[in-house]
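Everything on this sheet refers to the single structure shown next.
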Amino acid sequence: MHIRVILPIIGDSLIDHVRSEVVSWASPDTKVDAVVLERGTASIESEYDEALAAPGILDRITEAAQDDVDAVFVSCFGDPGVHAAREIIDAPVVGGFEPAVLTALSLGEHVGIITVLPNVLPMLRSLARRYAIQDRIGTMRVIDLPVLGLEDRDVLLQRLEEQAVDAISSGQADVIVLGCTGMLGVAAELQERLAAAGLKVPVVDPTGAAITWLESCVRLGVTPSRTTYLPPPAKDRSA
């Protein structure tokens, strides 16, 4: 099995970390490679960033189709370019939001999403409406750290824990989803910290959810439906 990871930003400073994280979730017999964009933004933290990144993402999707990969992970919780990508490749494509939240829905009644910045929230609310799951999302919260500021693991975990404890204690969430694929390698420790505080709730990592989801689709032999846009037929003006 061959999974292509598209890190939807320019610059390769994060690519080794992302590849390592994906490999840690993938099965031993799964080949993983990763690419960044040739045109786009340094991070995706708004719909404006997403729009700028979309052409570069679709360029990489076209390459993935030519390389005959089995599945594609666009490593961003906002699912940038994912639905357009599904029109041009005959392989499963996911971002971070859809597999993580749908996994969480099977683990609890009310999902709490903890993401990076307030300007990301409109994007996530729009995705929740698109997937018709907004009634199951109990809360969306932020830790006020930019994507490029997530390297400080101690600060990241502290802020995640603060938001998660409040969301759970207030009855707004009984399962937590990390709302950024840049929150690398912290899901298990956050879950342990919550358990130590007497709050035994699952924490869903979006990268882990995406990779295991894609592997399951490939092993099941699932062929994604293509929704390529077809313009309406031209009107007959001869009558």
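Quick notes on this structure:
- Matching label, volume of the Cα convex hull per residue in Å³ computed from the structure shown, candidates [x] 106; [y] 149; [z] 130: [y]
- Kirkwood Rh in Å, taken over region 107-170 so that all alpha-carbon pairs contribute: 12.6
- Accessible-area composition of region 101-228, carbon plus sulfur, in percent [1.4 Å probe]: 51
- Relative contact order (%) - region 99-159, alpha-carbon pairs under 8 angstrom, separation at least six: 38
- Residues of the chain: accessible area per residue with a 1.4 Å probe, Å²: 48
- Cα long-axis angle, helix 47-66 against the chain (0 to 90 degrees, to the nearest 10): 60
- The mean of 1/r over all pairs of different alpha-carbon atoms in region 6-103, once inverted, gives a Kirkwood hydrodynamic radius of 13.6 Å.
- Summary of packing: across the peptides 168-177, 213-222, the per-residue average of other C-beta atoms within 10 Å ranks them, highest first, as 168-177, 213-222.
- Percentage relative contact order, region 1-154, counting C-alpha pairs under 8 Å, at least six apart: 21
The values are calculated or read from the model by the stated rules, or taken from the named source; none is laboratory data. Owing to the predicted nature of the structure, the values given are computational and were not obtained by experimental measurement. Don't worry about glycine lacking a Cβ; one is built from the backbone with ideal geometry, like all the others, and counts go over all protein chains shown. Side chains are part of the model used for accessible areas, which takes the heavy atoms of the whole protein and leaves out ligands, DNA and RNA. Shrake-Rupley method; radii C 1.70, N 1.55, O 1.52, S 1.80 Å.
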